[in-house]
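One structure is given here, and the rest of the page talks about it.
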Amino acid sequence: MKPFPTQIFKDFTVVAIPTRTNFRGINIREVALFRGDEGWSEFSPFLEYEKEEASTWLRAALEGANTPWPTLYRSEIPINATMPIVGVDQVAGILQGFDGCTTVKMKVNNFEESADVLEEVLSIIPDAKIRLDVNGSWSLGEALLQLHDFNLRFGKVFEYIEQPCSSLNDLALLKKEIPMKIAVDESIRKNLGSDLTDIRDVADIAIIKWAPSGGISAAHKISKEVGLPVVVSSALDTGIGISHSLALAASFERLDYACGLGTVALLQSDICHPGVTAADGFLDVSRREPDMDLLEKYRAGEDRQNWWKNRVTEIFESWGDEK
């Protein structure tokens with residue numbers, strides 16, 4: 001393997017930040033930060049991602065570091081709160097990290113485990129718009145049963161259901177049977193490079209993420225192909241990655257929904273100061289830089305620095321002349 005390309009990944013540093021709760025099995029979030037001609041960027045595919053998927057994240061990171069942001073149509077973005085799978089006693093504390101947010105996205109496994117948590121959310125924010133995120137884990141039959149129970153108990157509080165099933169055929173059948181809108185995430189980002197035009201027939205909303213899409217330019221191409229209203233969401237990024245996601249959200253002429261970009265609140269700390277967390281339900285759009293004291297505080301050990309450098313080098317060199 002060739003030496004790490006320090007001239008491209010300037011000031012490359014890996015941080016390891018504890019999460020406030022167990023989020024998709026993660027208790028420590030590792031993130032690689034570096035600087036380019038336009039400023040700081042972030043490379044943070046989850047550790048289990050294979051090279052092909054991580055490669056898309058690296059393209060986004062390099063674009064963010066070296067390419068000016070496109071035309072921005074707004075200077076602040078409305079934000080939803082994000083509720084991991086937690087106990088009722090943790091709900092209030094998590095919502096405190098999402099100041100002024102009146103839309104709440106809840107990760108759910110099933111109605112039985114989540115109903116009381118949703119009741120608690122609504123007791124704190126009575127007029128909340130609720131999004132349920134299933135991550136494609138239900139079969140069609142399970143989705144019909146679960147959403148029947150949610151609808152029977154909670155009625156019209158649901159703004160949409162995110163990725164209730166993984167199969168497009170199941171989503172198409174489900175869409176005909178339920179009163180809620182359907183949003184898709186995995187159906188898009190797990191099928192990049194394939195024809196995405198059929199998604200508009202099985203869903204109402206497209207979840208678009210900066211890094212998993214390959215950057216701002218790629219995200220716009222994807223959203224145009226899908227042809228649905230967009231919600232820009234994040235992947236448990238630090239404020240550096242979130243800043244690029246905010247720019248992506250601001251670069252859409254039309255933005256009808258609050259975006260899932262407040263997830264720094266789920267980390268013990270941001271790497272920026274002040275942290276990029278919602279105020280009055282919004283986040284400002286601006287480039288961020290890491291705070292040097294926080295960078296040092298959360299700096300990962302040398303073994304992890306080297307692991308991430310090897311990961312970057314392997315991907316970077318596999319591009320060959322494409323670079």
*Please enumerate the residues belonging to segment 34-81 that are surrounded by fewer than 14 Cβ atoms within 10 Å (Cβ to Cβ) and of a type in the set (Ser, Thr, Tyr).*
71, 73, 75
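To keep it simple, each residue is scored yes or no on (1) without any contact (Cβ under 8 Å) to a residue 40 or more places away in the chain; (2) surrounded by fewer than 19 Cβ atoms within 10 Å (Cβ to Cβ); (3) touching a strand residue (DSSP E or B) at 6+ places or on another chain (Cβ under 7 Å).
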{"position": "278", "(1), (2), (3)": "no, no, yes"}
{"position": "287", "(1), (2), (3)": "no, yes, no"}
{"position": "291", "(1), (2), (3)": "yes, yes, no"}
{"position": "296", "(1), (2), (3)": "yes, yes, no"}
{"position": "304", "(1), (2), (3)": "no, yes, yes"}
{"position": "308", "(1), (2), (3)": "no, no, yes"}
*Which of (1) in a helix (DSSP H, G or I); (2) under 24 Å from residue 271 (Cβ atoms) does residue 114 not meet, given it meets every other one?*
(2)
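For every residue, the table says whether it meets (1) more than 19 Å from residue 230 (Cα to Cα); (2) surrounded by fewer than 22 Cβ atoms within 10 Å (Cβ to Cβ); (3) in the same structural domain as residue 105 (by TED's automatic domain parsing); (4) modelled with pLDDT of 95 or more.
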{"site": "140", "(1), (2), (3), (4)": "yes, yes, yes, yes"}
{"site": "170", "(1), (2), (3), (4)": "yes, yes, yes, yes"}
{"site": "173", "(1), (2), (3), (4)": "yes, yes, yes, yes"}
{"site": "177", "(1), (2), (3), (4)": "yes, yes, yes, yes"}
{"site": "184", "(1), (2), (3), (4)": "no, no, yes, yes"}
{"site": "192", "(1), (2), (3), (4)": "no, yes, yes, no"}
*Taking segment 77-106 only, how many residues are without any contact (Cβ under 8 Å) to a residue 24 or more places away in the chain and either part of a strand (DSSP E or B) or of a type in the set (D, E, K, R) (or both)?*
1
*asked:* Condition first: within 21 Å of residue 204 (Cα to Cα), free of Cβ contacts under 8 Å to residues at least 60 places away in the same chain and not basic (Lys, Arg). Now tell me which residues in segment 246-264 satisfy that.
replied: 248, 256
*Considering 29, 74, 59, which residue is part of a strand (DSSP E or B) and of a type outside the set (S, T, N, Q)?*
29
*asked:* Within segment 157-178, does at least one residue satisfy the condition of being under 22 Å from residue 85 (Cα atoms) and without any contact (Cβ under 8 Å) to a residue 24 or more places away in the chain?
replied: no
_For segment 178-204, give me each residue that is charged (D, E, K, R) and assigned to a helix (DSSP H, G or I)._
186, 189, 198, 200, 201
*Residue list for segment 136-169, restricted to those being more than 12 Å from residue 105 (Cα to Cα), within 23 Å of the chain's Cα centre (by Cα) and not in a helix (DSSP H, G or I)*: 136, 137, 138, 163, 164, 165, 166, 167
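Here's the yes/no breakdown for (1) more than 19 Å from the chain's Cα centre (by Cα); (2) modelled with pLDDT of 95 or more:
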| residue | (1), (2) |
| --- | --- |
| 4 | yes, no |
| 25 | no, no |
| 37 | yes, yes |
| 57 | no, yes |
| 66 | yes, yes |
| 70 | yes, yes |
| 73 | yes, yes |
| 82 | no, yes |
*asked:* If the requirement is being over 19 Å from residue 66 (Cβ atoms) and touching a Gly at 6+ places or on another chain (Cβ under 6 Å), which of these qualifies: 206, 278, 258?
replied: 278
*Any residue at all in segment 244-251 that is over 16 Å from residue 60 (Cα atoms) and either hydrophobic (A, V, I, L, M, F, W, C) or in a loop (DSSP other than H, G, I, E, B) (or both)?*
yes
*asked:* List pairs: first residue in segment 224-241 and touching a residue at least 40 places away in the same chain (Cβ under 8 Å) and over 16 Å from residue 192 (Cα atoms), second residue among the aromatic types (Phe, Trp, Tyr) and assigned to a loop (DSSP other than H, G, I, E, B) anywhere in the structure, Cβ distance under 8 angstrom, at least six positions apart or on different chains.
replied: 231/257; 232/252; 235/46
*Being small (Gly, Ala, Ser) and either surrounded by fewer than 16 Cβ atoms within 10 Å (Cβ to Cβ) or more than 24 Å from residue 165 (Cα to Cα) (or both) is the filter here, so list the residues in segment 94-114 that pass it.*
97, 100
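The values are calculated or read from the model by the stated rules, or taken from the named source; none is laboratory data. Here the structure is a predicted model, which means the values were calculated and not measured. All Cβ positions, glycine included, derive from the backbone under ideal geometry; neighbour counts span all protein chains shown.
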